1. Does E161 satisfy being assigned to a helix (DSSP H, G or I) and assigned by TED's automatic domain parsing to the domain that holds A284?
2. Got a sec? Which of A191, A230 is free of Cβ contacts under 8 Å to residues at least 12 places away in the same chain, in contact with a Leu (Cβ under 7 Å, 6 or more places away or on another chain) and under 23 Å from D243 (Cβ atoms)?
3. Looking only at segment 107-124, how many residues end up being among the charged types (D, E, K, R) and surrounded by 11 or more Cβ atoms within 10 Å (Cβ to Cβ)?
4. Considering each of Q114, Q109 in turn, give the residue that is in a helix (DSSP H, G or I), within 15 Å of V268 (Cα to Cα) and not aliphatic (A, V, I, L, M).
Amino acid sequence: MSSWIAFRQELRIKHQRPAQDETTKRLNPQIALLTCVSTDNQSWMIFLERIMRILLFICGFLAISLNTATTKALEKNDLEPALRALLAEKPEIIIDAIQLFQQRAEEDQARATQQMLSQVPLIIDSMDLPFIGPKDAKKVVYEFYDYRCGYCKKASTHAKEITGNGSVKFVFLDWPILSPQSTKAAMISLAAWQLDKERFLGLHQNLLENRGNYEDDNIDEVLVRSGYDAQEVRKHLEKIGMDISGTLAQIAQLAQSLGIRGTPAFIVDNGNEQPELLPGFVPASQILERVSN
């Protein structure tokens with residue numbers, strides 16, 4: 001194992017380089033890729049060690065599979081110097097391994113997402129979430145949003161447009177990820193929904209169209225403008241705050257399980273096929289086209 005220890009020490013010395021600025025990262029995508037994998041030498045060494053273990057495993061597997069006199073003679077201590085020389089000559093192997101790992105991780109996430117999407121209607125139906133449109137509609141659109149998200153604001157009229165023909169249900173999944181102010185707005189909107197469901201859509205649109213901050217005074221002004229009694233909503237929130245926090249946690253867990261990385265994101269269930277995930281801003285016309293198929 002002394003050769004392995006020496007190899008690790010040599011790699012540690014070789015990879016102690018100055019920090020790269022943003023311009024260098026843009027000019028050299030390999031540096032940017034490595035930076036994403038690790039930002040410190042200790043993590044980098046751990047990653048390299050894992051790569052070495054994988055390579056050793058592969059070589060050992062080949063030695064067993066080939067079943068020749070030469071490969072039978074190969075042992076771990078014989079392979080380490082060979083791998084050391086290989087990586088010194090062709091360090092791009094590490095980049096290839098990283099890219100392969102990322103590709104397989106994305107494929108695994110895609111499969112997991114498809115499995116989870118089939119469960120979305122059951123999961124969401126068990127939660128008391130705001131919606132408009134027919135309660136038992138077969139065609140449903142779900143939106144993950146944050147009230148401070150610029151592209152969510154751009155989609156502020158989607159719910160009304162998509163449910164205009166009376167056959168589609170639109171479900172609101174508030175996922176506050178941008179700031180504590182996002183969470184404040186989310187808590188208030190869910191409390192308001194429980195008090196007066198008829199006024200919720202107006203409140204939702206007003207919160208999205210708000211150009212100021214989301215501190216208490218500003219939120220109260222939006223509540224009043226939307227037809228709510230701000231003090232009544234806040235008193236109700238004091239009573240059920242823990243329940244609403246739990247609901248927001250469930251939404252966050254669902255988004256993460258689906259591999260959603262930001263807001264907005266839409267799920268379209270046309271009642272005939274597997275629900276479809278549409279990440280990012282999507283025009284209402286495209287969502288209507290998909291939900292109508």
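1. Values: assigned to a helix (DSSP H, G or I): yes; assigned by TED's automatic domain parsing to the domain that holds A284: yes.
Judged against the criteria, E161 is a match.
2. Details: A191 fails: free of Cβ contacts under 8 Å to residues at least 12 places away in the same chain.
The match here is A230.
3. The first filter runs over segment 107-124 and keeps only residues among the charged types (D, E, K, R), leaving 107-108, 111.
Next cut, surrounded by 11 or more Cβ atoms within 10 Å (Cβ to Cβ) only: 108.
Going through segment 107-124 one residue at a time, the tally reaches 1.
4. Numbers: Q109 fails: within 15 Å of V268 (Cα to Cα).
None of the other options fit; the residue is Q114.
The values are calculated or read from the model by the stated rules, or taken from the named source; none is laboratory data. Being a predicted model, the structure only gives us computed values, none of them experimental. Glycine also receives a Cβ, built like all others from the backbone with ideal geometry; neighbour counts cover every protein chain displayed.
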